[in-house]
Amino acid sequence: MKQRPIQSFMLGVLVLLPMTFVIWYWTAVVHLAPLTWLTEQLLQLTFPHSVLWLKLDGSTLVLASNFGMDASGTIVSPPVSDDLMGFHLNPLIYTFSLPLLFALILATPASHKWQQLLWASFIWLPMAVFSMFFSVLKVLCFDVGAAFQQQQALSAWSLDVIALAYQTGTLILPMIAPLVIWMALNRGFLLSLAPQLQRILAH
């Protein structure tokens with residue numbers, strides 16, 4: 001029995017997803033390197049006196065802040081010694097949507113798939129930078145705490161915005177980004193699956 005397009009597409013996604021997931025995991029350094037560099041440049045631009053550097057240690061994100069503790073245990077900036085406050089984060093939580101995005105594109109019966117993969121990566125990158133940036137900023141605001149907040153003169157309203165952006169970047173954006181990007185790149189295929197969408201997408 002001949003499969004319908006939607007059935008063939010869903011089967012393709014299910015078959016390809018484990019493969020793209022394995023490739024994503026084993027090539028973590030490749031896709032995390034530009035993401036980390038861009039996030040570091042943004043942090044140095046916006047908070048130049050708070051972050052020394054942001055680097056990868058394998059697939060672990062290491063943040064070195066410009067804060068330390070004085071003799072009384074109070075957090076100060078700059079640190080009085082070489083004992084800097086450093087933090088380890090898991091950057092894979094910002095990029096776990098990549099395997100699904102690539103599986104969706106590869107399973108779609110369309111030409112120029114490699115071009116779509118390239119465009120999808122470019123569109124996805126600023127979304128991932130948003131997630132990593134606010135994750136690091138959350139650490140500075142709430143783990144470094146009052147010393148960072150006072151240094152940057154952050155109001156309670158600013159802290160609420162940062163917390164909301166962090167939640168959005170880690171819980172919501174990675175889940176919806178692959179679907180939105182895939183739909184934007186494959187409008188024609190969507191219409192072939194559901195012609196009634198033509199009226200909606202025309203507006």
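Here are some notes:
- Just one of the listed residues (Leu32, Leu16) is surrounded by 13 or more Cβ atoms within 10 Å (Cβ to Cβ), closer than 14 Å to Thr95 by Cα and either touching a residue at least 12 places away in the same chain (Cβ under 8 Å) or in contact with a helix residue (DSSP H, G or I) (Cβ under 9 Å, 6 or more places away or on another chain) (or both), namely Leu32.
- Subset of the stretch 33-62 (residues that are more than 19 Å from Gly145 (Cβ to Cβ) and assigned to a loop (DSSP other than H, G, I, E, B)): Pro48, Gly58, Ser59
- Evaluation of Leu191 against the conditions (1) over 30 Å from Ala103 (Cα atoms); (2) in a helix (DSSP H, G or I); (3) free of Cβ contacts under 8 Å to residues at least 24 places away in the same chain shows that the sole unmet condition is (1).
- For the stretch 19-28, the count of residues that are in a strand (DSSP E or B), over 17 Å from the mean Cα position of the chain (by Cα) and surrounded by 11 or more Cβ atoms within 10 Å (Cβ to Cβ) is zero.
- Applying the condition of being surrounded by 15 or more Cβ atoms within 10 Å (Cβ to Cβ) and of a type in the set (S, T, N, Q) to the stretch 83-129 and asking which residue is nearest to the chain's Cα centre (by Cα) yields Thr95.
- Ser65 vs. criteria outside any strand (DSSP E or B) and either modelled with pLDDT of 95 or more or farther than 21 Å from Pro126 by Cβ (or both): no
The values are calculated or read from the model by the stated rules, or taken from the named source; none is laboratory data. All of these numbers come straight from a predicted model, not from anything done at the bench. We place every Cβ from the backbone using ideal geometry, glycine too, and count neighbours over all the protein chains shown.
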